[in-house]
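Student: Following this message is one structure expressed as C-alpha cells.
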Amino acid sequence: MKKSLFILFFASQLIFSQSVRKYSNEFLNIGVDAAAFGMGKAVVATSNNVNAMYWNPAGLTNIKKYEGAIMHAEYFAGIAKYDYVGFAMPIDSQSALGISLIRFGVDDILNTTELIDNEGNIDYNRIRLFSAADYAFNFAYARKSRIEGLNFGANAKIVRRIIGNFATSWGFGIDAGIQYERNNWKFGLMLRDITTTFNSWSINEDEFDKIKNAIPDENQELPESTEITLPKAQLGVAKQFTISRDFKLLTEVDLNLRFAKTNDIISSDIVSIDPALGFQIDYLNTVFLRGGLGNFQNELQYDDSKELVFQPNFGVGFNYRGIQIDYALTNIANVGNALYSNVFSIKIAFDNFR
C-alpha cells in the first residue's frame with residue numbers, strides 16, 4: 001500500500017506537468033560515488049577519476065589507466081533503489097573517454113486499476129506488479145587544452161524513463177565542464193543540461209482510460225507529452241594542504257546554481273544558490289576520512305515561518321592496490337527531518353589491462 005501511494009505521487013510529478021519545469025529529471029541530480037557524497041557533493045573542482053564523467057567530465061584527463069566504478073544506494077526507507085556503473089579509459093596522453101549507466105527505480109508496485117470489476121466486485125487476482133524506473137546512459141569525452149592546467153570535457157546523455165505500461169519517454173541532453181589548476185589551487189565549472197534536456201513522453205491511452213473517470217472532473221485529458229529540463233551550473237574552488245609527510249587535507253567549496261526561484265538559502269527570480277562544503281583527510285592515499293555540509297534550504301514551517309536546514313555528510317574510504325572502497329552516511333542526525341541513507345561504492349583501476 002505504501003508503494004502504491006508513493007508511485008501515484010511519483011508518477012503525477014513526472015508526467016502531469018507543464019513542459020518547462022523547475023524540477024525535472026531530478027534523479028540525475030542525486031549524484032554518484034560514495035566518496036563524493038561523504039564530501040557533501042563538493043567535488044566539481046577535484047573529481048579526477050572514472051566518476052568525473054558525472055561531476056565534471058574535464059577531470060577524466062587525469063586518468064592514466066582503465067578504471068571502473070559501481071555504486072548502490074537506497075532511498076525512502078528502501079522503497080527506491082539507485083544504482084550506477086561506469087567505465088573510463090585514456091585515449092592518449094591528452095584525452096580520455098567514459099561511459100556509464102544510472103538507474104533509479106521503484107519495483108514491485110501494486111497496480112490496482114483493475115481491482116474492482118464493472119459490477120463492483122473486488123478480485124485480488126486482478127492485481128499486477130509493475131516498476132517505475134529512470135535510466136541515464138552517459139558518454140563522456142575530455143581533453144587537455146594548450147593552456148597548462150586547463151582541461152575541458154563534455155557529457156552526452158540519453159534518458160529513458162518507464163512507468164510500467166502507463167507511460168514511457170526518451171530524452172537527450174548535454175553537459176559540459178572545465179577544470180583549472182594553478183599553485184595547488186583547483187577551480188571547476190560544471191554546466192548541466194546546457195542545451196536543455198528534452199523528454200518526449202508516450203502515454204498508453206488504454207491504461208489512461210482506466211483511471212480517466214476515477215475521480216470526477218479529474219484526469220479528463222491526457223497530460224503533457226513533452227518535458228524540458230532547465231540548465232544548471234556548479235562552481236567549485238579547492239585547495240590541498242600538506243599536514244605532514246603522511247597526511248594531506250583536501251578542502252572544497254561549491255556553489256550550486258539553479259536559474260529559477262527555489263527554497264535555496266540564496267534565492268531570487270533569476271538564480272538560486274545552494275552552497276556545499278567538503279573536506280577529505282587522507283593517510284598515504286590509502287585511508288580516507290571525509291565530511292561535508294550541503295543542501296542548505298529555507299524550510300517552510302507550519303506557522304508560515306522559515307527555518308534554515310542543511311544536510312551533514314560523513315564518509316570513509318580505503319584504497320589498496322588500485323581497489324578503492326568508499327562508504328558515506330548522508331542525511332545524518334535530525335536535520336531537515338530527512339531519512340539517512342547508507343551509500344557504498346567501489347572503484348577499480350585495471351592496471352593489468354594496460
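Please treat every number below as a calculation from the coordinates, not as lab data. Model, not experiment: these values are computed from the prediction. As a convention, Cβ positions derive from the backbone with ideal geometry for all residues, glycine included, and neighbour counts pool all protein chains shown.
Student: Pairing the Cα long axis of helix 2-15 with the longest principal axis of the chain, what angle in degrees results, from 0 to 90 and rounded to the nearest 10?
Tutor: 80 degrees
Student: Quick one: which residues, 5 or more positions from Phe76 or on another chain, have an amide H under 5 Å from its amide H? H modelled 1.01 Å from N in the peptide plane, none for Pro or chain starts.
Tutor: It is none; the list stays empty.
Student: Mind checking the full-extension length gain between Asn298 and Arg182? Use 0.36 nm per residue of separation minus the Cα-Cα distance, one decimal, nm. Let's see the in-between values first.
Tutor: Values: separation 116, 0.36 × 116 = 41.76 nm, distance 3.56 nm.
That works out to 38.2 nm of additional length.
Student: Which whole-Hz couplings ³J(HN,Hα) result when phi for each residue of the range 75-84 is put into the Karplus expression 6.51 cos²θ - 1.76 cosθ + 1.60, θ = phi - 60°, listed in order with x for Gly and Pro?
Tutor: 3J(HN,Hα) across the range 75-84, in whole Hz: 10, 6, 6, x, 5, 9, 10, 10, 10, 8.
Student: Sort 99-112, 175-188 for me by packing, meaning the mean count of neighbouring Cβ atoms within 10 Å per residue, highest on top. Walk me through the numbers before you get to the answer.
Tutor: Values: 99-112: 17.1, 175-188: 18.9.
Answer by packing, highest mean first, reads 175-188, 99-112.
Student: Now a separate question. Stokes-Einstein diffusion coefficient for the range 230-350 at 20 °C in a medium of 1.002 mPa s, Rh from the Kirkwood formula over Cα pairs: what value in µm²/s? Could the numbers behind the result be given before it?
Tutor: Details: Rh = 16.4 Å.
Estimated diffusion coefficient is 131 µm²/s.
Student: Taking the mean number of other Cβ atoms within 10 Å as a proxy for protection, how do you rank 120-130, 192-202, 289-299 from highest to lowest?
Tutor: Numbers: 120-130: 10.6, 192-202: 17.5, 289-299: 19.2.
Ranked from most to least packed, the peptides come out as 289-299, 192-202, 120-130.
Student: Could you tell me the relative contact order of the range 115-161? Use alpha-carbon pairs under 8 Å, at least six residues apart, and round to a whole percent.
Tutor: So the answer I get is 33 percent.
Student: Using the Cα atoms of the chain, I'd like the radius of gyration and the largest Cα-Cα distance, Dmax, both in angstrom.
Tutor: For the chain, the Cα-based Rg and Dmax read 22.0, 79 Å.
Student: Taking 0.36 nm per residue of separation and subtracting the Cα-Cα distance, what length does fully extending Ser305 through Thr113 add? Before the final figure, lay out the partial values.
Tutor: On the way: separation 192, 0.36 × 192 = 69.12 nm, distance 4.01 nm.
Extra length from Ser305 to Thr113 when fully extended: 65.1 nm.
Student: Of the options Tyr124, Ser95, Tyr82, report the single residue whose Cα projects farthest towards the positive end of the charge dipole of the range 38-125 (beta-carbon charges: Lys, Arg +1; Asp, Glu -1).
Tutor: Ser95
Student: Using modelled backbone amide H atoms (1.01 Å from N, in-plane), which distant-in-sequence or interchain residues come within less than 5 Å of Trp201's amide H?
Tutor: Thr226, Glu227
Student: Defining a contact as two alpha carbons under 8 Å apart and six or more residues distant in sequence, what relative contact order in percent does the chain show? Let's see the in-between values first.
Tutor: Details: 987 pairs, mean separation 66.0, N = 354.
In percent, rounded to a whole number, it is 19.
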